[in-house]
Amino acid sequence: MTSILDLAPVIPVVVIHDAAHAVPLARALVAGGLPAIEITLRTPAALDAVRAIAAEVPEAFIGVGTVTTPAHVAASVAAGARFLVSPGATPDLHAALADSGLPYLPGVATVSEVLAAVERGLTELKFFPAEAAGGAPYLKALSGPLPGVRFCPTGGITVDSAAGYLALPNVGCVGGSWLTPADLLAAGDWDAVRDLAAGAAKLRP
């Protein structure tokens, strides 16, 4: 299948508090040109949102983020997730992610963590927290010694900084929370979400 990193220049990173918002939100993001959507496990509504999107918006490539335990992996798979994202990874979590059968992006923040992932045969990783861990200059520095690894940097990235990341040869896409601000979700302003998604879909240089 096509790599997660190649589906769109931005993966919306969504914190959803009301599962009733899930379907119209996903439809708005897909209509704007962003089919890959990461619902984070930061609220009680997250898995219900994933179930709803998986059932009613098949054109969305729905994923689950903030996966930090093997139990999260199992629950995400059961809810209908098509990919998984973690902020970091222990040996047990790595094993559970691999056993899920789904594509996944384990989080890394250091060169040693990247090398440990490469030893497991992984070449596509989440770089988190991107801005706090060194940002685009850090990833640019990694492209020399680790040319075969690609990243989805996430954490603190804005519409203004995204293009700088996407210009790097080792960045496939970025994760962004600016596409689904809480006020737009609370207001049900799906047209505005679609417009933000459309702008993000044009970010790749």
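Just checking, which of 187, 198 is open to solvent by 10 Å² or more (accessible area, probe 1.4 Å) and without any contact (Cβ under 8 Å) to a residue 40 or more places away in the chain? Please lay out each step first, then the result.
On the way: 198 fails: without any contact (Cβ under 8 Å) to a residue 40 or more places away in the chain.
Answer to the check: 187.
Every residue, every condition in (1) within 15 Å of residue 182 (Cβ to Cβ); (2) open to solvent by 40 Å² or more (accessible area, probe 1.4 Å); (3) modelled with pLDDT under 95, yes or no:
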| residue | (1), (2), (3) |
| --- | --- |
| 11 | no, no, no |
| 15 | yes, yes, no |
| 25 | yes, no, no |
| 33 | no, no, no |
| 38 | no, no, no |
| 50 | no, no, no |
>> It is to be established whether one or more residues within the stretch 20-27 are free of Cβ contacts under 8 Å to residues at least 24 places away in the same chain and not in a loop (DSSP other than H, G, I, E, B).
In response: yes
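Mind listing just one residue for me: the one in the stretch 107-148 that is charged (D, E, K, R) and touching a Ser or Thr at 6+ places or on another chain (Cβ under 8 Å) and, of those, most open to solvent (accessible area, probe 1.4 Å)? So that I can check it myself, show each step before the final result.
We begin by selecting, within the stretch 107-148, every residue charged (D, E, K, R); these are 113, 119-120, 124, 126, 131, 140.
If we keep only those that are touching a Ser or Thr at 6+ places or on another chain (Cβ under 8 Å) too, we end up with 124, 126, 131.
Values: 124: 53, 126: 13, 131: 91 Å².
If we take residues in the stretch 107-148 being charged (D, E, K, R) and touching a Ser or Thr at 6+ places or on another chain (Cβ under 8 Å), then 131 is most open to solvent (accessible area, probe 1.4 Å).
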> For the stretch 15-59, which residues satisfy the criterion of being of a type in the set (Val, Ile, Thr) and over 16 Å from the mean Cα position of the chain (by Cα)?
Replying inline: 23, 43, 57
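When only residues in the stretch 166-176 that are out of contact with any Leu (no Cβ under 7 Å at 6 or more places or on another chain) and open to solvent by less than 10 Å² (accessible area, probe 1.4 Å) count, which is nearest to residue 111 (Cα to Cα)? Spell out the reasoning first.
Taking the stretch 166-176 first, the residues out of contact with any Leu (no Cβ under 7 Å at 6 or more places or on another chain) are 167, 169, 175-176.
Add one more test, that the residue is open to solvent by less than 10 Å² (accessible area, probe 1.4 Å), and what stays is 175-176.
Details: 175: 20, 176: 23 Å.
Ranking the qualifying residues of the stretch 166-176, first place goes to 175.
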>> Considering only residues that are under 19 Å from residue 152 (Cβ atoms), polar (S, T, N, Q) and surrounded by fewer than 17 Cβ atoms within 10 Å (Cβ to Cβ), which ones fall in the stretch 52-90?
In response: 68
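The values are calculated or read from the model by the stated rules, or taken from the named source; none is laboratory data. What you are looking at is a predicted structure, and each value in this text was computed from that prediction instead of being measured. FYI the Cβ positions are ideal-geometry reconstructions off the backbone, even for glycines, and counts take in every protein chain you see. Surface accessibility is based on the protein's heavy atoms, side chains included, excluding ligands, DNA and RNA. Shrake-Rupley method; radii C 1.70, N 1.55, O 1.52, S 1.80 Å.
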